[in-house]
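Inspection log for the structure reproduced underneath, given as structure tokens.
The values are calculated or read from the model by the stated rules, or taken from the named source; none is laboratory data. Model, not experiment: these values are computed from the prediction. All Cβ positions, even for glycine, are placed from backbone atoms using ideal geometry, and neighbour counts span all protein chains on display. Side chains are part of the model used for accessible areas, which takes the heavy atoms of the whole protein and leaves out ligands, DNA and RNA. Shrake-Rupley method; radii C 1.70, N 1.55, O 1.52, S 1.80 Å.
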Amino acid sequence: MKFFLLLSAIGLCWAQYSPHTEQGRTSIVHLFEWRWVDIAEECERYLAPKGFGGVQVSPPNENLIIHNPSRPWWERYQPISYKLCTRSGNEAEFRDMVTRCNNVGVRIYVDAVINHMCGEGAGSGTSSTCGSYYNAQNKEFPGVPYSAWDFNDGKCKTASGHLETYNDAAQVRDCRLSGLLDLALEKDYVRTKIADYLNNLIDIGVAGFRLGTSKHMWPGDIKAILDKLQNLNMSWFPAESKPFILQEVIDLGGEAVSSSEYFENGLVTEFKYGAKLGTVIRKWNGEKMAYLKNWGEGWGFMPSDRALVFVDNHDNQRGHGAGGASILTFWDARLYKMAVGFMLAHPYGLTRIMSSYRWERYYENKNDVNSWIGPPNDNGVTKEVTINPDTTCGNDWVCEHRWHQIRNMVAFRNIVDGQALTNWWDNGSNQVAFGRGNKGFIVFNNDAWSLSTILQTGLPPGTYCDVISGDKVDGYCTGSQVHVSCDGTAQFSISNSVEDPFVAIHVEARL
């Protein structure tokens, strides 16, 4: 009996670390600023057939409408209430999306903004996506409702009431971030209103939450809110399933708040991952891909079973958040595909793919004056995600997850899931290769000269389609082929001048 209770406790403890993806689906995609109707379509027509596990969606709760500048992306992070209406759609469309995605085995994770309400300078009125009244100066949000009693003004010890230094953990958690009205999360009433919002989403069928700005909340306050959450909807999830929890904690080292403080609550974003990988792929500071042999914890990252990893996210691809200029994005397509390919091939962490939209850039650096621009729109109405004949996206939606190199590496990760990293090879510079057990093998050439060598793949003998240059279709390769000999070795030749200087093969791409 004691053994059974111990197992039950362990099961409950680990529940919030599981993204609840279906068997054989291992990656999440962030469909940033997509409309709910488009996400529902994408789950059915693409994500489920291509093996994606789930979707992180933009905040679904009512937010401030900001006209100066005109409807920026960050207005979604200025809550007015927890009603479900935004420029992505209304509550009925949100419910339909969750149902349709769950019905094809694609999970929905909500970007939950629970640290704060809108900015102190928002004024008052009904300029919000549901039309709810608010008065930011008086801290009145009757749509929740919240009043002045529900904010941290008395707890923050700075004269300005704003966060002034990241070297003081109390300031980071109790003061206003960028002028946003900071909720008093130690109060049971506030915790309950937040939990009511999240439980409503659980009832609808969401699988979990990304808790934005978790670094600015006390871990104990987050846990107290999580303790109030219901089990997931049994229409799609096993009995007593707990919601998946992902916490945004920007920790590049040297500050008062560290990622490890949040491990008890769920997974945590590993921001060092994209920053370091970008530096290596760009070959800055003398970094080489050969140095990636001990990638992961060996680079000072958090434990793999606590890490959510990504090459870029909606913040740092614009020069905000963490990482700086090394962050690779769709603007650097050739290097970006290599970085995402490496991430999806390597066993460290739970992987999230970014799916972006374009904005006009005035400057080559990422801190350009247009980085605030919201999603493609017609007079503020978000544009449909259209699909081109070649399966890429139109209407200025980038859709990196539909690039065939990335889509095929999502499949690669699904196929090699659970396999150890094996057969590492490097040339001491920027040509590297490694396998995943006897299921997959990948080779990169990021040097300024061609690669031509015989490598041990660990794979069964046969002819394989390279899933980077093409696909296996009806028993043929639309791209290049790799011939694995009876001893598991294969000849690889990769020019330094090709658009995609890497090759990947796996057992399901064998002819």
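Suppose a student asked you for the relative contact order of the chain, using Cα pairs under 8 Å spaced at least 6 residues apart; what percent would you report?
Details: 1104 pairs, mean separation 60.9, N = 511.
It comes to 12 percent, rounded to a whole number.
Roll a 1.4 Å probe over the protein chains and send me the accessible area per residue for region 53-123 in Å².
Counting only protein heavy atoms, the per-residue value for region 53-123 is 26 Å².
Amide H neighbours of Leu31 under 5 Å, at least 5 residues apart or on other chains, H built in the peptide plane: list them.
For Leu31, whose amide H was placed from the backbone, the distant partners under 5 Å are Gln56.
Give the distance, in whole Å, between the Cα centre of region 60-88 and the Cα centre of region 290-322.
The distance from the Cα centre of region 60-88 to that of region 290-322 comes to 29 Å.
Would you mind calculating the gained length between Ala420 and Glu44 on full extension (0.36 nm times residue separation, minus the Cα-Cα distance), in nm to one decimal?
Additional length available on full extension: 132.2 nm.
So for each of 180-188, 59-67 I average, over its residues, the number of other beta carbons within 10 Å; can you give me the resulting order with the highest mean first?
Put in order of decreasing packing, that is 59-67, 180-188.
Quick one: if the Förster radius is 41 Å, what FRET efficiency do Ala256 and Asn138 give, using the C-beta to C-beta distance and rounding to 0.05?
For R0 = 41 Å, the calculated efficiency reads 0.80.
Please work out the Kirkwood hydrodynamic radius for the chain, using every pair of different C-alpha atoms, and report it in angstroms with one decimal place. Show your work: numbers first, answer last.
Working: mean 1/r = 0.0419 Å⁻¹.
About 23.9 Å, per the Kirkwood formula over Cα pairs.
Quick check: residue separation of Met234 and Trp449 times 0.36 nm, minus the Cα distance between them. What number comes out in nm?
71.9 nm
Working from Cα positions, state the angle (0 to 90°, nearest 10) between the long axis of helix 2-14 and the longest principal axis of the chain.
90
Where does each of 270-280, 215-225 land if you order them by average Cβ count within 10 Å, highest first?
Answer by packing, highest mean first, reads 270-280, 215-225.
Would you work out if region 360-511 is rounded, prolate or oblate? Take a ≥ b ≥ c from the square roots of the eigenvalues of the alpha-carbon gyration tensor; rounded if a/c is under 1.5, else prolate when a/b is larger than b/c, oblate otherwise.
prolate
Roughly speaking, what is the centre-to-centre gap between region 120-134 and region 39-55 when only Cα atoms are used, to the nearest Å?
35
Given H placed on each backbone N at 1.01 Å, which residues far from Ala307 in sequence or on other chains put an amide H within less than 5 Å of it?
Close amide H contacts, sequence-distant or interchain: Val268, Leu350.
Trp284 versus Ser178, label points 7 Å from Cα toward the beta carbon: distance in nm?
2.1
Would you be so kind as to identify which of Phe209, Ala411, Ile39 lies farthest towards the positive end of the dipole of the chain, taking Lys and Arg as +1 and Asp and Glu as -1 on Cβ and the Cα centre as origin?
Of Phe209, Ala411, Ile39, it is Ala411.
Ranking request for peptides 153-166, 86-99: highest mean number of other beta-carbon atoms within 10 Å first, then the rest in descending order.
Top to bottom by mean Cβ count within 10 Å: 86-99, 153-166.
With the other protein chains left in place, how much accessible area per residue, in square angstrom, belongs to region 165-254 at a 1.4 angstrom probe?
34
How high is the relative contact order of region 260-377, given as a whole-number percent (alpha carbon pairs under 8 Å, six or more residues apart)?
27
Name the residues whose placed amide hydrogens come within less than 5 Å of the amide hydrogen of Tyr146, ignoring near sequence neighbours (fewer than 5 apart) on the same chain.
Answer set, sorted by chain and number: Phe141.
For region 170-189 and region 458-511, write down the distance between their C-alpha centroids in whole Å.
53
Given a Förster distance of 22 Å, report the FRET efficiency between Ala92 and Asn199 from their Cβ-Cβ distance, rounded to the nearest 0.05.
Calculated transfer efficiency: 0.70.
Tally up the carbon and sulfur contribution to the accessible surface of the chain as a whole percent, 1.4 Å probe, everything protein left in place.
51
HN-Hα J couplings of region 274-280 from phi, Karplus 6.51/-1.76/1.60, θ = phi - 60°, integer Hz, Gly and Pro as x?
Going residue by residue, I get x, 5, 6, 5, x, 4, 5 Hz, with x marking Gly and Pro.
Ordered by residue, what ³J(HN,Hα) values in Hz, to whole numbers, does region 219-228 give under the Karplus form 6.51 cos²θ - 1.76 cosθ + 1.60, where θ = phi - 60° and Gly and Pro are x?
Result, ordered by residue: x, x, 5, 4, 4, 4, 5, 4, 5, 8 Hz.
Going 7 Å from the Cα of Asp227 along its beta-carbon direction, which residues of region 196-213 have the amide nitrogen within less than 16 Å of the resulting point?
196, by backbone N distance to the label point.
Find the relative contact order for region 280-331 and round it to a whole percent, using C-alpha pairs within less than 8 Å whose residues are 6+ positions apart.
21
Tell me what the chain gives for mean residue ellipticity at 222 nm when only DSSP H runs of n ≥ 4 count, each as -39,500 (n - 2.57), the sum divided by the residue total, rounded to 500 deg cm²/dmol.
Taken over the chain, the calculation gives -6000 deg cm²/dmol.
Please list, in order along region 370-382, the HN-Hα scalar couplings obtained from phi with the Karplus expression 6.51 cos²θ - 1.76 cosθ + 1.60 (θ = phi - 60°), rounded to whole Hz, x for Gly and Pro.
9, 5, 7, 4, x, x, x, 8, 10, 6, x, 8, 4
Just to be sure I understand the model, the point goes 7 Å from the Cα along the line to the Cβ. What's the resulting Asp487 to Glu264 distance in nm?
Here the modelled spin labels are 5.5 nm apart.
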